[in-house]
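Data first, discussion second: the structure below is written as structure tokens.
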Amino acid sequence: MKIFDKILKAFTILILIFMYLPIVTMIGFSFNSSKSLGRFTGFSLRWYYQLFENRVIWTAFYNSLTSAAVVTIISVVLALLIANAVVRYEYRGGSLIDAFIYIPIVIPEITESLSLLILFGVAGITRGFWTVVLGHATFGATFAIVVLRARIAGFRKSVEEAARTLGANEIQTFFRITLPILMPGVIAAALLAFTLSFDDFIKTRFTTGPGFTTLPLIIYSSAKRGGVAPDINALSAFSFGVSLIFSAVRLFTLRRGRYE
Amino acid sequence: MKGFAKKYIAAVRRSRRMQYILLLLPGMVFLAIFFMVPFFLTALYSVNMVNRLKQIVFTPSLEWYLYALGMEGLLTIFLRSIGYGLATTLFCVILGYPVAYYIAVKCRYKDFVLLLFMVPLWVSFLLRTYALMGILSSSGLLNEILLGLGIIKEPLEILRTHTAIFIGMVYNYLLFMVLPLYACLEKLDVSLLEAASTLGAGKISTFLRVILPLSLPGMVAGSLLVFIPATGEFIIPDLMGGTQTYMIGNVIYSVFLYARNWSLGSAISLLFLAFILAIILVYLKYARIKEVVF
């Protein structure tokens, strides 16, 4: 059966190549001197210069970053409260609350997005930064709950009880005992909420107004125009670099999670 | 006033039920306002209960539902979306299962390999789709290589076909199948496999009768994580497809943002949602799993 294992290994490597091929190709052609995505004509950094001079992209990048940061904070705070409530206190109606929490995850995003557009329209709210943030926070919070819940469920209450016995009050216990232990879970939840928000197109498209453009909206309109935009290639090389850093953080938190 | 606050805090400390409610309240209020209320308004719009001045009127009618059901080609687009969703899910299982099995059971560097799979996930969905378009386009890398090797004479037109949508979907959603399957297979108790082999089961029957049933929850979770977004997908058919690959997401998008007909858009959206929920319920019942582990 050794051969079977080798086939499995080869298959996995093949799939891995399939996953990386488009991104790696794109990064490669971001150094291309011509606009072609098929033929490499020579090494050049001109698309990077073009990217760094593109004000529209940088404004959009800043918008994506700030809105995703606020979404992350709202999501993690709400998720910490709800996850604590759901795991630690068992009351009737718990399964109803579960359903309430998980529904935003299982329904198609576009149906949810248009209902938010209706809400903001009916309420007469001008769409922009805050409408995008509030829209994203619904999925941010629900995904963060899923992550944190698993973490809190594996948490030993006796540590908290020991802190209380030794004279710490609730607030001290939370910040000095509970939060540090839950930290890997909090980081994982925050990363998830951040990336989901940073990457989101549909919900942003439905909840944003004329003055607020995020990075996915820029990439979409560039791709939609159909023409080759090599500065977008440069952008993806950049974003690949960032995701490698994120992965390193993730690996680090995974290791730390193991120790505890 | 201060005395009241003190009493109140003392009451909260004593009552666990009160603590529970206070912890739940902010999140639940938030979800109610930004999740439940919007759907309620969508429902009102779909039955024509909101007039042009955005006031609620009590004259419900099903005219937009009837209009939607009578729209030419809408049923075809519905069925096509479901078809794409099912095909993508099936292929993700076929491609994803061996990968998840290899990483969870056979691989020595689990964390690292899993991370390798997750790195592309942190590159924007749009950028990944855009990169795939670049490779598949008529002047892209794939065609240049095939032309250069002399395998084809004319560049292949892959974009704007069913194949393009299909490749785009599997490429973007494969990981949502691999991760839950991996989570399930990793928990697999090796002693169960030894027991099966001691009791005389061959490799194939061990797989079919022990491993596969135990990984079923992961497969159900993965299928839902792939099927739902794939069926409601907008970006992939919009960027990689053409008129013959139009999906329900494209319809809702253009009715809402271009035609600006909120009532019709709401009706189509709710019909789609009902369809999706029905499929999910039937599927969960068929898979005989009461609770899906996400």
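The values are calculated or read from the model by the stated rules, or taken from the named source; none is laboratory data. Since this is a predicted model, take the numbers as computed values, not measurements. All Cβ positions, glycine included, derive from the backbone under ideal geometry; neighbour counts span all protein chains shown. Each accessible area value is taken on the protein alone, full model and side chains, heavy atoms only, with ligands, DNA and RNA left out. Shrake-Rupley method; radii C 1.70, N 1.55, O 1.52, S 1.80 Å.
Rounded to the nearest 0.05, what FRET efficiency do B:ALA195 and A:LEU244 have when you use their Cβ-Cβ distance and R0 = 35 Å? Could you put the intermediate results ahead of the total?
Numbers: r = 42 Å, r/R0 = 1.21.
The pair B:ALA195/A:LEU244 has a calculated efficiency of 0.25.
Using a 10 Å cut-off on Cβ to Cβ distances, tally the other chain neighbours for every residue of B:17-25 and report the average as a whole number. Walk me through the numbers before you get to the answer.
Details: counts 2, 0, 5, 8, 3, 2, 9, 10, 3.
Counting other chains' Cβ atoms within 10 Å and averaging over B:17-25 gives 5.
Can you compute 3J(HN,Hα) from phi for each residue in the stretch A:204-217, using the Karplus curve 6.51 cos²θ - 1.76 cosθ + 1.60 with θ = phi - 60°, rounded to whole Hz and x for Gly and Pro?
My calculation for the stretch A:204-217 gives 5, 4, 7, 10, 8, x, x, x, 10, 10, 9, 4, x, 5 Hz in order.
Taking θ as phi - 60°, what are the ³J(HN,Hα) couplings along the stretch B:136-143 by the Karplus curve (6.51, -1.76, 1.60), each to the nearest whole Hz, with x for Gly and Pro?
My calculation for the stretch B:136-143 gives 7, 5, 5, 10, x, 4, 4, 5 Hz in order.
Among the chymotrypsin sites (Phe, Trp or Tyr not before Pro) within the stretch A:1-95, which fall in a DSSP loop and have no more than 10 other Cβ atoms within 10 Å of their own Cβ? Can you show the working numbers first?
Numbers: sites: A:PHE4, A:PHE11, A:PHE18, A:TYR20, A:PHE29, A:PHE31, A:PHE40, A:PHE43, A:TRP47, A:TYR48, A:TYR49, A:PHE52, A:TRP58, A:PHE61, A:TYR62, A:TYR89, A:TYR91; in loops: A:PHE31, A:PHE40, A:TYR89, A:TYR91.
Answer by residue number: there is no such site.
What whole number of Å gives the distance from the Cα centroid of the stretch B:267-287 to the Cα centroid of the stretch A:119-163?
Spelled out, the Cα-based centre of one part sits 26 Å from the other.
Please give the direction-averaged projected area of the C-alpha convex hull for chain B, in square nanometres with one decimal.
25.9 nm²
With a Förster radius of 25 Å, plug the Cβ-Cβ distance of A:LEU45 and A:PHE252 into 1/(1 + (r/R0)^6) and report the FRET value to the nearest 0.05. List each step's numbers first, then the result.
Details: r = 32 Å, r/R0 = 1.26.
The pair A:LEU45/A:PHE252 has a calculated efficiency of 0.20.
So what does B:LEU212 come to for accessible area, using a 1.4 Å probe and Å² rounded to 10?
50 Å²
Quick one: if the Förster radius is 35 Å, what FRET efficiency do A:ALA99 and B:GLU186 give, using the C-beta to C-beta distance and rounding to 0.05? Walk me through the numbers on the way to the answer.
Details: r = 27 Å, r/R0 = 0.79.
With R0 = 35 Å, the Cβ-Cβ based efficiency is 0.80.
Quick one: 3J(HN,Hα) in Hz for the stretch B:172-188, Karplus 6.51/-1.76/1.60 with θ = phi - 60°, rounded, Gly and Pro as x.
Per residue, the Karplus-derived 3J(HN,Hα) values read 7, 10, 3, 5, 5, 8, 4, 4, x, 4, 4, 4, 6, 5, 5, 7, 4 Hz.
For the stretch B:208-294, which trypsin sites (Lys or Arg not before Pro) are both in a DSSP coil and crowded by at most 12 other Cβ atoms within 10 Å? Mind dumping the intermediate values first?
Working: sites: B:ARG209, B:ARG260, B:LYS285, B:ARG288, B:LYS290; in loops: B:ARG260, B:ARG288, B:LYS290.
Of the trypsin sites (Lys or Arg not before Pro), the ones in loops of the stretch B:208-294 whose Cβ has at most 12 other Cβ atoms within 10 Å are B:ARG260, B:ARG288, B:LYS290.
Of B:LEU141, B:LEU185, B:LEU149, which has the largest mean-square fluctuation in a 10 Å C-alpha GNM of chain B?
B:LEU149
For the stretch A:1-64 and the stretch B:22-74, what is the centre-to-centre distance using only Cα atoms, to the nearest Å?
Cα centroid of the stretch A:1-64 versus Cα centroid of the stretch B:22-74: 42 Å apart.
Please identify, among B:LEU115, B:LEU74, B:LEU225, the residue showing maximal mean-square fluctuation in a Gaussian network model of chain B using a 10 angstrom Cα cutoff.
Highest fluctuation among the options: B:LEU115.
Can you tell me the orientation of helix A:55-88 relative to chain A, as the angle in degrees between its alpha-carbon axis and the longest Cα principal axis, to the nearest 10?
Around 20 degrees separate the two axes.
Under 1.5 on a/c is rounded, so check that first for the stretch B:2-150, then, if it is not, pick prolate when a/b is larger than b/c and oblate when it is not; a ≥ b ≥ c are the square roots of the alpha carbon gyration tensor eigenvalues.
Details: a/c = 2.93, a/b = 1.33, b/c = 2.20.
It is oblate, given that a/c is not under 1.5 and a/b is not larger than b/c.
Taking chain B as a Gaussian network, where each spring joins two C-alpha atoms under 10 Å apart, which residue of B:PRO180, B:PRO217, B:PRO60 fluctuates the most?
The residue with the greatest mean-square fluctuation here is B:PRO60.
Which value in deg cm²/dmol, rounded to the nearest 500, describes the helix-derived mean residue ellipticity at 222 nm for chain A, given -39,500 (n - 2.57) per DSSP H run of n ≥ 4 and division by the residue count?
On the way: 12 runs with 203 residues, N = 260.
Computed mean residue ellipticity for chain A: -26000 deg cm²/dmol.
How would you classify the protein assembly as shown from its alpha-carbon gyration tensor, with a ≥ b ≥ c the square roots of the eigenvalues: rounded for a/c under 1.5, else prolate if a/b is greater than b/c, otherwise oblate? Please list the in-between numbers first.
Values: a/c = 1.45, a/b = 1.14, b/c = 1.27.
Rounded.
Could you tell me whether the stretch B:75-197 comes out rounded, prolate or oblate from its Cα gyration tensor? Rule is a ≥ b ≥ c as square roots of the eigenvalues, rounded for a/c under 1.5, then prolate if a/b exceeds b/c, otherwise oblate. Walk me through the intermediate numbers first.
Details: a/c = 2.33, a/b = 1.76, b/c = 1.32.
Prolate.
Non-local amide H neighbours of B:VAL50 (under 5 Å, H modeled in plane, Pro and chain starts lacking H): which ones?
Residues meeting the amide H criterion: B:VAL57.
Restricting to DSSP loop positions (anything but H, G, I, E, B) with no more than 15 other Cβ atoms inside 10 Å of their own Cβ, which trypsin sites (Lys or Arg not before Pro) remain in the stretch A:156-205?
Of the trypsin sites (Lys or Arg not before Pro), the ones in loops of the stretch A:156-205 whose Cβ has at most 15 other Cβ atoms within 10 Å are A:ARG156.
Looking at this model, which pairs from B:LYS110/B:LYS187; A:LYS157/B:LYS6; A:LYS9/B:LYS285; A:LYS35/A:LYS203; A:LYS203/A:LYS224; A:LYS203/B:LYS54 are more than 24 angstrom apart at the alpha-carbon? Spell out each step's value before the answer.
On the way: B:LYS110/B:LYS187 13 Å; A:LYS157/B:LYS6 27 Å; A:LYS9/B:LYS285 35 Å; A:LYS35/A:LYS203 32 Å; A:LYS203/A:LYS224 18 Å; A:LYS203/B:LYS54 22 Å.
A:LYS157/B:LYS6; A:LYS9/B:LYS285; A:LYS35/A:LYS203, as the Cα separations exceed 24 Å there.
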